[in-house]
Amino acid sequence: MTRLEKKISELDKTRIPVHVAMIMDGNGRWAKSHGFVRSDGHAEGVSTVHRVTKLSSDLGIKYLTLYAFSTENWHRPKEEVDTLMYLIGWAIERELPELLANNVKINLIGDIERIPEDARQRLFYARNATAHCTGLQLNMCLSYSSRWEITEAVRKIASQAALGKLNPEDISEETISDNLTTAGIPDPDLLIRTGGEYRISNYLLWQIAYSELYFTPALWPDFSDEDYLDAILDFQHRERRFGMTSDQVQNNI
């Protein structure tokens, strides 16, 4: 039995997280440590996305949400942004046959209209081509930030109230959730950040209110299947109380 097979055998199949979110950090540092340019790190990171998506599907995880490009990333050097946009379009096109074979559904989250035309059309094509799939839903956060998302939700709610379609006193947590870009998607059970940083970086701030957080020093291109399984095993050893006491959780109160 390989080390990977051993870790898989240790998993509690009844406690596989339904929704895993990831902050894919460390591409640039990985490239620098290997004497490469930053774009080489992003290209190498595409392989990790492939592996993580496949393992998520194999494990029966229902939703995988990846922070692929933030609103703040638009401030990076133009050459790096252009490379990232090219890689995003190229990668989704390359991966599409296998995504279809594995019944993976693509969902796009963020201010997608800001994505350059070529990459945007490839993304739309992949989303439409996988719309019928019923396995893992791969949510790609592109041109996304949580503050942008919440601001957009507030605008929608305010517009409904101004038109008399919504009474301000009736606004609830569900109202806000229903107006986010993740409407209809359960909140993440587990958030993983690679790269050794201990920040959330404006990612899914509303949705991760009760998510379990896992930080690893592994740079994204080095994040292995074993690293992923370590995160899930760690998650399975945590007690999720959601504000209750341990006794209440254990007695299903």
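None of the figures in this text is laboratory data; all of them are computed from the coordinates on show. Keep in mind the model is a prediction, meaning the values are calculated, not measured. Don't worry about glycine lacking a Cβ; one is built from the backbone with ideal geometry, like all the others, and counts go over all protein chains shown.
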* Asked: Where does the range 54-175 land on Rg(C-alpha)/(2.2 N^0.38 Å)?
  -> 1.25
* Structure fact -> When the charge dipole of the chain is computed with +1 at the Cβ of Lys and Arg and -1 at the Cβ of Asp and Glu, the Cα pointing farthest to the positive end, of Ile109, His42, Tyr210, is that of His42
* If you average 1/r over every pair of different alpha-carbon atoms in the chain and take one over that average, what Kirkwood value in Å do you get? -> 19.5 Å
